[in-house]
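One structure is given here, and the rest of the page talks about it.
The values are calculated or read from the model by the stated rules, or taken from the named source; none is laboratory data. It should be emphasised that the depicted structure is a prediction, and the values quoted were computed from it without experimental measurement. Virtual Cβ from ideal backbone geometry, glycine too; neighbours counted across all protein chains shown.
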């Protein structure tokens, strides 16, 4: 587990739900690509805001671009959360 105290599977689900809320797609797998689903910079900002609302942490929109899948973004958040330099509320 990470400092968010959320198992990775639950974190993936929260990220997936944030993407679904923003991208308005019917289905979404853990390895579907953000850009192939129609994601752009505005949607990345909205995903970032949605994750802040859901998880209480700041995930920069650039991280959505750099990770590009639900699984990779959840792994990034989990890794950042377990990093000794992590401060709650900011990744």
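Run residue 6 past the list (1) crowded, with 17+ Cβ neighbours inside 10 Å; (2) farther than 15 Å from residue 59 by Cα; (3) free of Cβ contacts under 8 Å to residues at least 40 places away in the same chain and report the number of the one that doesn't hold.
Going through the list (1) crowded, with 17+ Cβ neighbours inside 10 Å; (2) farther than 15 Å from residue 59 by Cα; (3) free of Cβ contacts under 8 Å to residues at least 40 places away in the same chain, residue 6 breaks only (3).
Please go through (1) at pLDDT 95 or above; (2) within 18 Å of residue 11 (Cβ to Cβ); (3) buried (at least 18 other Cβ atoms within 10 Å of the Cβ) for residue 43 and return the number of the only condition it doesn't satisfy.
(2)
Would you check if there is a residue in segment 50-70 being in contact with a strand residue (DSSP E or B) (Cβ under 8 Å, 6 or more places away or on another chain), surrounded by 13 or more Cβ atoms within 10 Å (Cβ to Cβ) and within 22 Å of residue 80 (Cα to Cα)?
Yes, the conditions are met somewhere in segment 50-70.
Go through segment 8-52 residue by residue and tally those that are in contact with a helix residue (DSSP H, G or I) (Cβ under 7 Å, 6 or more places away or on another chain), part of a loop (DSSP other than H, G, I, E, B) and closer than 15 Å to residue 66 by Cβ.
Adding up the residues that qualify gives 2.
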